[in-house]
Every structure is written in structure tokens, then in C-alpha cells.
Amino acid sequence: MTPKTILFPLRIEQPVAELEAAVDFCRNNDAHLSVLLIGLAPPPPVATDTVVISDNWAAQSEAAKQELHERGSEIEQHLAKAGISAEIKRWLMMEHSIEAGTAEHALFADVTFLSRTFPQERGFARQVVSGVVFGAGRPIIVADPAQFGTLSWGTILIGWDNEKPAARAVAEALPLLAAADNVHILCVDPDAVPQRDGEAPGWDLATYLARHGVQTTVHTQPSGGHPVATVLADFAEDLGADGLVMGAYGHSRLRQRLLGGTTRSLIETGKLPILMAH
């Protein structure tokens with residue numbers, strides 16, 4: 001996988017050092033880095049007959065714009081010294097619009113890099129993931145900042161459940177899989193019936209990947225009542241995996257995407273880089 005445009009969402013309070021590995025990746029792969037610098041706009045005032053609250057809100061809004069502009073200028077200077085193709089997109093968002101705003105920008109990126117240090121309070125990180133994979137239909141890689149320096153993953157684990165999101169993630173990851181030394185397919189609690197997971201769960205995917213020159217090892221694992229995220233994480237650790245490929249799941253409620261429990265858990269507490277798609 002050699003993407004040529006990387007979207008990197010960054011909150012204004014995150015240190016610029018978190019971009020360093022992504023900068024190295026872009027330098028080494030002749031890729032363009034698009035930093036989406038996100039500032040939070042103050043919530044609008046409630047209806048009132050007094051002008052004091054509106055004046056305070058206007059002052060807070062102006063301060064937020066100024067902070068976003070100054071922070072963006074600092075990052076622009078930093079990227080200019082890095083000698084790569086890069087841009088800063090300043091975005092002052094209302095708290096509830098992070099998902100839609102991220103989706104708009106992710107449309108024009110091959111992949112989004114999301115640092116696990118992106119603030120998670122009030123679901124900010126989950127909104128970014130939802131915006132990318134559901135809103136824009138693009139892949140995302142969630143990892144620690146230092147892990148973005150390379151996409152050469154020697155050992156890869158695929159979390160497979162015979163569903164469309166997982167198939168999409170595998171398709172997006174094909175170049176990574178083809179370059180890997182070892183690829184493993186894990187089916188957790190599979191149903192060994194043709195209507196669901198096939199008579200031999202995971203083997204249809206193994207056959208498909210073999211036609212792309214990717215040799216795989218198929219595993220099935222009962223969850224034993226443990227969360228699927230825990231089973232995937234533990235299995236990946238036992239393998240010594242360098243990356244995880246899986247589908248992103250969620251459902252619509254009041255026009256908002258709520259990530260499924262497995263997806264949410266691996267985003268927030270995982271240790272490996274994860275490539276997800278829907």
C-alpha cells in the first residue's frame with residue numbers, strides 16, 4: 001500500500017511531534033500530507049434578552065479562530081522545514097460536526113492516519129473514524145504516532161467474519177498483505193454453515209488471497225465468552241503481529257454512526273496499527 005495523499009486529523013492541543021512519523025512516511029514514499037487541524041468552536045448561546053452572553057460568545061469565537069490560525073501557522077512552518085508536499089486545513093468545528101467535517105476531507109485522501117492520542121473525550125476519536133469509514137467510505141489506520149513511519153507490516157492478522165466491511169478492509173489492504181511475510185486469518189466464533197461462514201470458515205478468503213500471491217494461515221477461535229476485541233488483540237499479540245486488518249462496524253441512530261463494540265474497543269485500547277474500512 002503506497003498511498004499518495006494522507007489525511008492526518010490533529011486537534012490544536014496535540015503536539016506537532018505527533019506528525020513526525022507521518023512526515024517520514026511521506027518523505028520516503030513521495031506522498032502528500034494533508035493535516036486537518038481541528039479547533040472546537042464555542043457552543044452558541046441560548047436565547048436570551050440580554051446582550052452580555054452574546055458578547056461573551058462572540059469574544060470566545062474570535063479567540064478560538066485566532067488560536068486556530070496561530071497554531072496552523074506554527075505547523076505550516078514546521079512542515080515547510082520538513083521538505084515534503086504538505087498542507088494545513090484549518091477547521092473550526094462545533095462538537096457535533098466533527099464526523100461530517102472529517103468525512104468531507106477524507107474523500108480526497110487515499111487513507112487517513114488517526115493517532116490513538118487524538119482526544120477521546122465525548123467520542124471525538126470515534127467521530128473521526130465514523131466520518132472516514134462511514135461518511136467518506138475511505139480506509140483509516142489507527143495507530144500510535146510513532147507507528148505511522150512505515151506500512152511494511154511483516155506479520156498481519158485479518159479479523160474475518162464473512163461480512164462486507166471485512167471484505168472491503170481486505171481489498172484496501174491487498175498491497176500490504178502482498179508485501180507481508182506472514183498473513184493469518186482469524187475467525188472468532190464462526191458458524192460452519194454454507195449460509196453464513198461457509199463449510200470451512202476463512203478458507204474462501206484464503207483461496208481469494210492466494211490468487212493474489214498471498215499465502216495465509218487460517219485459524220478459528222472460540223471467544224469463550226470474552227469480547228471479540230480481546231480475542232483479536234490477544235491472538236495478534238501471541239502471533240507477534242505488526243498490524244491488524246478488519247472491518248469497521250456501526251449502525252445509524254438519529255443520523256449518527258455509533259461504532260460497534262469491537263471496533264470501538266480496538267480504537268481506544270489497542271496496541272497494534274489497525275487498518276479498517278467499511
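Every number in this text was worked out from the coordinates using simple rules, so none of it is lab data. If you're wondering where the values come from, they're calculated on a predicted model, not measured in any experiment. Ideal geometry is used to build each Cβ from the backbone, glycine not excepted, and the neighbour counts take in all protein chains shown.
Here are the numbers for this structure:
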{"read-out": "Within-10-Å neighbourhood charge of Ser34 [Cβ basis; K, R +1; D, E -1]", "value": "0"}
{"read-out": "Lys4 long-range amide H proximity, modeled H, under 5 Å", "value": "Asp110"}
{"read-out": "Per-pair calculated FRET efficiency, R0 = 35 Å: Lys4 and Glu70 via Cβ, rounded to 0.05", "value": "0.70"}
{"read-out": "Proximal aspartates and glutamates relative to Lys89, as straight alpha-carbon distance under 15 Å, when same-chain residues fewer than 8 apart are discounted", "value": "Glu67, Glu70, Glu74, Glu76, Glu104"}
{"read-out": "Local net charge near Val132, Cβ-Cβ under 10 Å (Lys/Arg +1, Asp/Glu -1)", "value": "0"}
{"read-out": "Calculated FRET value between Ala171 and Glu268, using beta carbons and R₀ = 35 Å, to 0.05", "value": "0.85"}
{"read-out": "Cross-link table Lys4/Lys65; Lys81/Lys271; Lys4/Lys164; Lys164/Lys271, entries beyond 27 Å C-alpha to C-alpha", "value": "Lys4/Lys65; Lys81/Lys271"}
{"read-out": "Alpha-carbon spread of the range 5-147, three principal axes, descending order, Å", "value": "58, 33, 23"}
{"read-out": "Longest to shortest principal axis, alpha-carbon extents of the chain, angstrom", "value": "69, 45, 28"}
{"read-out": "Modelled FRET efficiency - R0 51 Å, Gln215 with Ala17, Cβ distances, 0.05 increments", "value": "0.85"}
